[in-house]
Amino acid sequence: PVPWLMLIGFVPLLIVENEVSEQAGKARRWTVFKYTYHTFVLWNVIATYWVANTAFAAGIFAIWVNALLMTIPVLLFHTTRWVMPGLKYAALICYWLAFEYIHLNWELTWPWLTLGNSFAEYPSLLQWYSYTGVFGGSLWIWVANVLGLSIWNKYQAKESYRKPLLQLGALVVVPMVVSLVWYTTFTPEGEPREVAVVQPNFEPHYVKFSLPEEEQIGRFLELSKSVVRPETDYLVYPETSFGLVDDQKINRYPAVRRIRNELSGFEGLKLITGIDGYHVFQEGEPLSPNVREQIRRNDTLRYEVLNAAIQLEMGKEEVPLYRKSKLVPGPEIFPFKEALFFLEPLVEQLEGTTAGVGTQPERSVLSSGSGKVAPAICYESIFGEYVNGYIRKGAQAIFIMTNDGWWDHTAGHRQHLYFASLRAIETRRSIARSANSGISAFINQRGDILQPTRYDEAAAIRQDILFSDRITFYVLWGDLIARIALFGSALLLLNTLVRGLLPGRRGEG
């Protein structure tokens, strides 16, 4: 609850790096690495300790590896400052934004601590994200820290620090004031649709995957009937609500037949739900990299497992399906599998998967007569540019299906909820969020969280939300700031390499 600390949180580390550099008179990468790595380990532990609740060993591994990756932009900056001293902290900001962008898009992705996420709890201060996305926030935070360092340096040198102090004040206050004015004058637009959300509350570690599915579906239906009306357009269930479901025979699955039967009186109602599924490869069908094999008596069954979302429309047999495609490293994808094949035993020991989960190359929406919906499944909701892919496909609202109970009653499920507010601001789309256990809610186009449920409580909520066709600058251009930083970092690295090879320009490790 104290994101304000982000505006000065890096200053102590920058002071240490500057003192090491000035005292040595050259690059001291190993010394800077030790301070930087310990700093980032502490930050990861404090902010994301809850990751270890899912699988303790894997969580600890993730914290230490992520901290190691975070040292890279600082070490690059520490090296570059000695060959291009005029750029100095501009290089640091450039490297950091490029790192966040890469960390957002490669297989070992873990963008939870992207700096621009820090103020997600206060959407009224971040309305400008509809132009910049979270990287505008990351840039804002880094510039504030660099100004904070300037104030410290001038204070230590007994010089006037009025100018950087005024600059820092303006940098912090002006965007917030502009955002607050924008927030209070913002006019939402779109056609209203009545949406109901169910939170069944099945504890995932010991209950969800051991309780008979018939009992679970019974609770789903009981909660659904308490909130659905003839006027209701959509009903939303959380991630992996039932399964395993053959994606070619969805309507034959017992849970689907029961749901269709008991909700048949609500003709036109669309149920959007997450499922555990699988796809069987037919003879001659191209195999995916995630294919699994099961040897049978007369043949070999080749299939892939899916974490998917489907749309069941009462009165219609067609079942559109979306495959979750932004996967969690470890539980759903073995990063760089071909290169790191020798680590497969370790991944399995850490309770990860080596086979992976089936995906699809592009986003798709779930369409009906009521509109087009973006089916964002759990982890996908923290990727701004990825969610843009749904909007470009015509999505008029975002439905998030998740299971945040893996993290127990910690900061994890609250952080995940707050990040959804950023997606609402970036895209100006209303959101309906269904969590198995965690916090279910509605989020309007300003990012306000409405009707949040309590953790560890079965609940059902209903509200009209707006389906909009508005296209924001961020939807059009995506992470433009980060791509510029990536290009700038490439130039900086090239110059650092070339100039570093010149006599008298090399730093020492």
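Bridging of Lys249 to lysines at a Cα separation below 22 Å is possible for Lys270, Lys316, Lys324, once same-chain residues fewer than 8 apart are set aside.
Only the Cβ atoms of Lys and Arg (+1) and of Asp and Glu (-1) were treated as charged; on that basis the dipole of the chain about its Cα centre amounts to roughly 1780 debye. In this rough spin-label picture, where each label sits 7 Å from Cα along the Cβ direction, the Glu293-Val207 distance is 4.1 nm.
Compute the longest continuous run of the chain that contains no exposed trypsin sites (Lys or Arg not before Pro); treat a site as exposed when its DSSP state is not H, G, I, E or B and it has at most 16 other Cβ atoms within 10 Å. Display every interim value, and only then the final one.
Numbers: sites that count: Lys26, Lys88, Lys158, Lys249, Arg296, Arg297, Lys316, Lys393, Arg454, Arg470, Arg505, Arg506.
Value returned for the longest uninterrupted segment is 159-248.
With the charge dipole of the chain set up from +1 on Lys and Arg Cβ and -1 on Asp and Glu Cβ about the Cα centre, the Cα lying farthest toward the positive end among the listed residues Leu321, Leu306, Pro1 is that of Pro1.
FRET efficiency for the pair Leu166 and Leu5, taken as 1/(1 + (r/R0)^6) with r the Cβ-Cβ distance and R0 = 22 Å, rounds to 0.55. Our summary gives the chain a relative contact order of 20 percent, counting only alpha carbon pairs under 8 angstrom and 6 or more residues apart. For Lys88, the lysines whose Cα comes closer than 24 Å to its Cα, not counting residues fewer than 8 places off in the same chain, are Lys26, Lys34, Lys154, Lys158, Lys163.
Test of the criteria: in region 61-166, which chymotrypsin sites (Phe, Trp or Tyr not before Pro) are in a DSSP loop and have at most 13 other Cβ atoms within 10 angstrom of their Cβ? Sparse-neighbourhood loop chymotrypsin sites (Phe, Trp or Tyr not before Pro): Trp106. Screening the chain for whole DSSP H helices with an alpha carbon extent of at least 30 angstrom along the helix axis and a mean Kyte-Doolittle hydropathy of at least 1.0 yields 56-83, 162-185. Heavy-atom accessible surface of Glu191, to the nearest 10 Å², is about 110 Å², with a 1.4 Å probe and all protein chains retained.
In region 420-436, whose amide N lies under 13 Å from the spot 7 Å out along Cα-to-Cβ of Arg219? List them in ranges. In region 420-436, the label zone of Arg219 (backbone N under 13 Å from the point 7 Å along Cα→Cβ) covers 435-436.
Would you please give the FRET efficiency between Lys26 and Asn261, computed as 1/(1 + (r/R0)^6) with r the Cβ-Cβ distance and R0 = 60 Å, to the nearest 0.05? If you can, show how the numbers build up before the last one.
Details: r = 75 Å, r/R0 = 1.26.
Once the sixth-power term is evaluated, E becomes 0.20.
Taking label points 7 Å from Cα along the Cα-to-Cβ direction, Tyr49 and Tyr155 give a separation of 2.8 nm.
Spin-label pair Asn105-Arg499: with each label point 7 Å from Cα along the Cα-Cβ axis, the two points sit 2.6 nm from one another. If I compute Cα extents along the principal axes in Å from the structure I just sent, which labelled value in (i) 86, 55, 45; (ii) 77, 61, 37; (iii) 80, 68, 51 lines up? From the options (i) 86, 55, 45; (ii) 77, 61, 37; (iii) 80, 68, 51, the structure gives (ii).
Computed in the context of the full set of protein chains, the accessible area of region 219-373 at 1.4 Å probe radius has 48% of its extent on carbon or sulfur.
The values are calculated or read from the model by the stated rules, or taken from the named source; none is laboratory data. Predicted model only: the values in this text are computed from it and were never measured. Quick reminder, even Gly has a Cβ in these numbers, built from the backbone with ideal geometry, and neighbours come from all protein chains shown. These area figures cover heavy atoms from the full protein model, side chains too; ligands, DNA and RNA do not enter into them. Shrake-Rupley method; radii C 1.70, N 1.55, O 1.52, S 1.80 Å.
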